[in-house]
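Data first, discussion second: the structure below is written as structure tokens.
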Amino acid sequence: MELSLARVDYLQVGVTAQKTMRLLPASGRKATQKVVVGDQDGVVTCFGIKKGGAVPVFKTLPGQKIARLELGGALNTPQEKIFVATGSEVRGFTKRGKQFLSFETNLTESIKAMHISGADLFLCASYIYNHYCDCKDQHYYLSGDKINDVLCLPVDKVNCITPVLACQDRVLRVLQGSDLLYEVQVPGPPTVLALNNGNGGDSGEEIMYGTSDGKLGLTQITASKPITKWEIGNEKKRGGILCIDSFDILGDGVKELLVGRDDGVLEVYNFESADDPVLCYDHALSESIASIQGGCVGKDGYDEILASTYSGWLTGLTTEPVHREGGSGEELKLSQEMQSKISSLRNELEHLQMKVLQEREKYQQSSQSSTAVSSVPAFSVNDKFTLNKDDASYSLILEVQTAIDNVLVQSDVPIDLLDVDKNSAVVSFSSCDSESNSNFLLATYRCQANTTRLELKVRSIEGQYGTLQAYVTPRIQPKTCQVHQYQIKPLSLHQRTHSIDHDRPMNTLMLKGQFSFAEIHSWVVFCLPEVPEKTPAGESVTFYFQNTFLGTQLESTYRKGEGCFKSDNISTISILKDVLSKEATKRKINLNISYDINEESVRHTLMLIHPKLEYQQLLAKKVHLIDALRELQVHEGNVDFLLPKYRGILEEADQLLEEYKRQPAHLERLYGMITDLFIDKFKFKGTNVKTKVPLLLEILDGCDQDGLIAFFEAA
């Protein structure tokens, strides 16, 4: 069935966080539903739609920012009580806006996630989970990594309380009381959880999850083990998933899956076959979608998808047809309702323009008075700095509640800026003096009008670490700017993984010394991304990593006074040895360092690099031939006389140029990695081979794998 939806913008509130908008249950079967939303100004707004316009039901006073908004009530009754989490407090409101609950929890941190089931309240701060029943403390759990969301299987179906935590280290933790029942490994860091079909499916055990790298999945949480039902990748390279809902928007009796992403894409999946969902509709909004709900909002009898965006817009995609067609020869006339709506919008616009003029005059007068005090306008920035596994690059996403004027990017380490298709900003580079002030990159992105979201891509070099800074200037007066800092870590291209291949030839680095568990953990946090800042519980910990650029791996196991790091790449071990020694020296800790180098690992790493090297060299050669071949084509008018491989280059010229442009300095990076591997191999033997590097580069240009391995072994 073809899905045709029309967009309607209803209302704008303040900046909203993830999962802070819900639809109250309807009074009749096809009656319109009230919308309730909480924003970061601490205001809870409830409104309905009449004659196309928003009619307020209630609005609370500002306060601490609202992190979550959930609906609750007695089990098996309409869920129409409104609960909001602000700071470490949970407040409850009736559907009319009367506050009936103010529960100050014993959490020392702000609440990040919340779920309500009857009299049971499930709350999570960054690492801590608490379960309350009738506001009395029941259970507590300390997670090994940050908790992004929490959910409980429906008690009326599974007959026991089974909370599920979505944790940053790519696992769902299933709890029983205060204990961990088991862990479910998922393909990315889970950001949101939802019950399948809104009720956990037939068994009540089915949970859907969305990840920060844009993947979706469904898992059945049984009493003893998880059963994976389906997983959907992110082939279209869309944004991370922030919200999920189930609603029958097609009206075929089967609920569709509604998904909201952080790049503004709203998706509808239907279940044509009983197995995997299939994408049947998508719509792009200009900013991230914080919450999504299906229901009847704008007009009786017309279902719609309602989304709340980061800057607070409540936007509906309705099944109500917007254009009413007249008969033949009849002129199209706007309905009375539409005319009154346009008239009220014009009046509102004139009123706002007058207000802006008055405020501007007022500001000018106050700024020129002798007692004038400069005030910096506050604005909110939603930022995300994540490593992409597919192309071993970092995505920096900056989202501002108002239009961005420009973003200046500065780095004190060498990094490459990569092209982003969605990015319409004009970039200009300034020359840097890296010798005297260690400034390697200075680039300015000038944004087009009404751009509120900017995505940049950078690729770092392992072993070179420092800080990337983004100076964000929005289009507001007086001019103001916010600086955001992002750490480029020594092993920045490594990503956490669930397991590694133990059959690979591994090099080992051993550390011993008078250091605490917390100290060595802080060194590992400094070196590697995706490691929780909080020191893990227990006496020792093991983390597994994979290099996203080369596919090499790292195993790190450490405890108080001892650390063991194993990798199939000598360069990884060399970087760790240098950085950990430096960190220990800073704290005046004496380290006893020993290492075991496996010669076979060098050949193994070269075999991993070589296919990438060969591909990039061939791509570079093809790109260098394009201009000459195009000139031949212009002169001769016909290229049939050319060899098929050259005709193929001409046919694929645009794709080849596009790929080459997307990956600048890719070949140089591979040359650099092989050179580092060569130097590091002999560094551990106490030999300096830097004089042999020019000879190595000559062999690399020849692209001979056997010759390269022989050079490494003979040098």
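The values are calculated or read from the model by the stated rules, or taken from the named source; none is laboratory data. None of the values given here were measured: they were computed from a predicted structure. Here the Cβ is made from the backbone with ideal geometry for all residues, glycine too, and neighbour counts use every protein chain on show. Just the protein is used for accessible areas: all its heavy atoms, side chains included, with ligands, DNA and RNA removed. Shrake-Rupley method; radii C 1.70, N 1.55, O 1.52, S 1.80 Å.
For Cys135, which of the numbered conditions (1) at pLDDT 90 or above; (2) touching a strand residue (DSSP E or B) at 6+ places or on another chain (Cβ under 6 Å) fails to hold? Checking Cys135 against (1) at pLDDT 90 or above; (2) touching a strand residue (DSSP E or B) at 6+ places or on another chain (Cβ under 6 Å), the one that fails is (1). Taking the stretch 271-312 as the range and being assigned to a loop (DSSP other than H, G, I, E, B), open to solvent by less than 20 Å² (accessible area, probe 1.4 Å) and in contact with a Phe, Trp or Tyr (Cβ under 7 Å, 6 or more places away or on another chain) as the test, the residues that pass are Pro277, Glu287, Ser288, Cys296.
Among the β-branched types (Val, Ile, Thr), open to solvent by 30 Å² or more (accessible area, probe 1.4 Å) and over 27 Å from Val15 (Cβ atoms): is that true of Ile461 in this structure? Talk me through it step by step, then tell me what you get.
Numbers: among the β-branched types (Val, Ile, Thr): yes; open to solvent by 30 Å² or more (accessible area, probe 1.4 Å): yes; over 27 Å from Val15 (Cβ atoms): yes.
Against the criterion (among the β-branched types (Val, Ile, Thr), open to solvent by 30 Å² or more (accessible area, probe 1.4 Å) and over 27 Å from Val15 (Cβ atoms)), Ile461 qualifies.
Contact annotation: residue pairs with Cβ atoms under 7 Å, 6 or more positions apart or on different chains, pairing a residue in the stretch 405-422 that is more than 11 Å from Ala443 (Cβ to Cβ) with a partner that is open to solvent by 50 Å² or more (accessible area, probe 1.4 Å) and hydroxyl-bearing (Ser, Thr, Tyr), are Asp412/Ser438; Val413/Tyr465. Of the set (1) closer than 27 Å to Val35 by Cβ; (2) at pLDDT below 90; (3) open to solvent by 60 Å² or more (accessible area, probe 1.4 Å), all apply to Lys81 but (2).
Let's see how each residue does on (1) at positive phi; (2) surrounded by fewer than 23 Cβ atoms within 10 Å (Cβ to Cβ); (3) touching a residue at least 12 places away in the same chain (Cβ under 8 Å):
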position	(1), (2), (3)
Phe247	no, yes, yes
Gly251	yes, yes, yes
Val254	no, yes, yes
Leu258	no, no, yes
Gly264	yes, yes, yes
Tyr269	no, yes, yes
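Of the set (1) within 39 Å of the chain's Cα centre (by Cα); (2) modelled with pLDDT under 75, all apply to Gly637 but (1).
Could you please find all residues in the stretch 507-541 being open to solvent by 30 Å² or more (accessible area, probe 1.4 Å), in contact with a strand residue (DSSP E or B) (Cβ under 7 Å, 6 or more places away or on another chain) and not basic (Lys, Arg)? Matches in the stretch 507-541: Met510, Glu530, Ala537, Glu539, Ser540. The requirement of being in contact with a Cys (Cβ under 7 Å, 6 or more places away or on another chain), in the same structural domain as Leu61 (by the TED database) and surrounded by 19 or more Cβ atoms within 10 Å (Cβ to Cβ) is satisfied by Asp145.
Counting only strands (runs of 3 or more DSSP E) that fall entirely inside the stretch 494-575 and contain at least 2 residues that are touching a residue at least 24 places away in the same chain (Cβ under 8 Å) and within 31 Å of the chain's Cα centre (by Cα), the qualifying elements are 494-497, 540-547, 553-559, 562-567. Test Leu591 against the stated conditions and say whether it is of a type in the set (A, V, I, L, M, F, W, C) and open to solvent by 70 Å² or more (accessible area, probe 1.4 Å). No; evaluated as a whole, the condition is false for this residue. Out of the stretch 163-204, which residues are outside any strand (DSSP E or B) and touching a Ser or Thr at 6+ places or on another chain (Cβ under 6 Å)? Once the filter is applied, which keeps residues that are outside any strand (DSSP E or B) and touching a Ser or Thr at 6+ places or on another chain (Cβ under 6 Å), the stretch 163-204 yields Gly188, Pro189, Asn197, Gly198. Number of residues in the stretch 672-700 that are without any contact (Cβ under 8 Å) to a residue 40 or more places away in the chain and assigned to a helix (DSSP H, G or I): the value is 14. One residue alone among Leu670, Leu697 is modelled with pLDDT of 80 or more, hydrophobic (A, V, I, L, M, F, W, C), open to solvent by 30 Å² or more (accessible area, probe 1.4 Å) and over 30 Å from Ser594 (Cβ atoms), and that residue is Leu697. Considering only residues that are without any contact (Cβ under 8 Å) to a residue 12 or more places away in the chain and either under 20 Å from Phe712 (Cα atoms) or not assigned by the TED database to the domain that holds Lys681 (or both), which ones fall in the stretch 608-635? Selection gives Pro611 alone.
When you go through Asn388, Asn382 one by one, which is the residue that is open to solvent by 50 Å² or more (accessible area, probe 1.4 Å) and not small (Gly, Ala, Ser)?
Numbers: Asn388 fails: open to solvent by 50 Å² or more (accessible area, probe 1.4 Å).
Matching residue, one of Asn388, Asn382: Asn382.
Residues in the stretch 561-588 that are farther than 13 Å from Lys681 by Cα and open to solvent by less than 10 Å² (accessible area, probe 1.4 Å): Gly563, Phe565, Ser567, Leu576, Val579, Leu580, Ala584. The condition of being of a type in the set (S, T, N, Q) and within 30 Å of Val184 (Cβ to Cβ) holds for only one of Ser516, Ser492, that being Ser492.
Could you please find all residues in the stretch 10-54 being aliphatic (A, V, I, L, M) and within 30 Å of the chain's Cα centre (by Cα)?
Within the stretch 10-54, Leu11, Val13, Val15, Ala17, Met21, Leu23, Leu24, Val35, Val36, Val37, Val43, Val44 qualify.
Can you tell me which residues in the stretch 106-125 are surrounded by fewer than 19 Cβ atoms within 10 Å (Cβ to Cβ) and hydroxyl-bearing (Ser, Thr, Tyr)? The answer is Thr108, Ser110.
Give me the residue from the stretch 13-43 that is outside any loop (DSSP other than H, G, I, E, B) and farther than 21 Å from Thr402 by Cα and, out of that set, most open to solvent (accessible area, probe 1.4 Å). Outline the logic, then answer.
Within the stretch 13-43, the subset outside any loop (DSSP other than H, G, I, E, B) is 21-23, 35-38.
Keeping just the survivors that are farther than 21 Å from Thr402 by Cα gives 22-23, 35-36.
Numbers: Arg22: 65, Leu23: 13, Val35: 1, Val36: 0 Å².
The qualifying residue most open to solvent (accessible area, probe 1.4 Å) is Arg22.
Kindly establish whether Asn598 is touching a residue at least 60 places away in the same chain (Cβ under 8 Å) and touching a His at 6+ places or on another chain (Cβ under 9 Å). Taking the combined requirement at face value, the residue satisfies it. Scanning the stretch 417-458 for residues that are among the charged types (D, E, K, R) and at pLDDT 90 or above, which turns out nearest to Thr309 (Cα to Cα)? Filtering first and then ranking leaves Arg453.
Considering every residue within the stretch 636-652, establish whether at least one is in contact (Cβ under 8 Å) with a residue 40 or more places away in the chain, assigned to a helix (DSSP H, G or I), open to solvent by less than 30 Å² (accessible area, probe 1.4 Å) and farther than 30 Å from Leu576 by Cα. Spell out how you get there, then give the answer.
Looking only at the stretch 636-652, we keep the residues that are in contact (Cβ under 8 Å) with a residue 40 or more places away in the chain, and these are none.
Scanning the stretch 636-652, I find no residue that is in contact (Cβ under 8 Å) with a residue 40 or more places away in the chain, assigned to a helix (DSSP H, G or I), open to solvent by less than 30 Å² (accessible area, probe 1.4 Å) and farther than 30 Å from Leu576 by Cα, so the answer is no.
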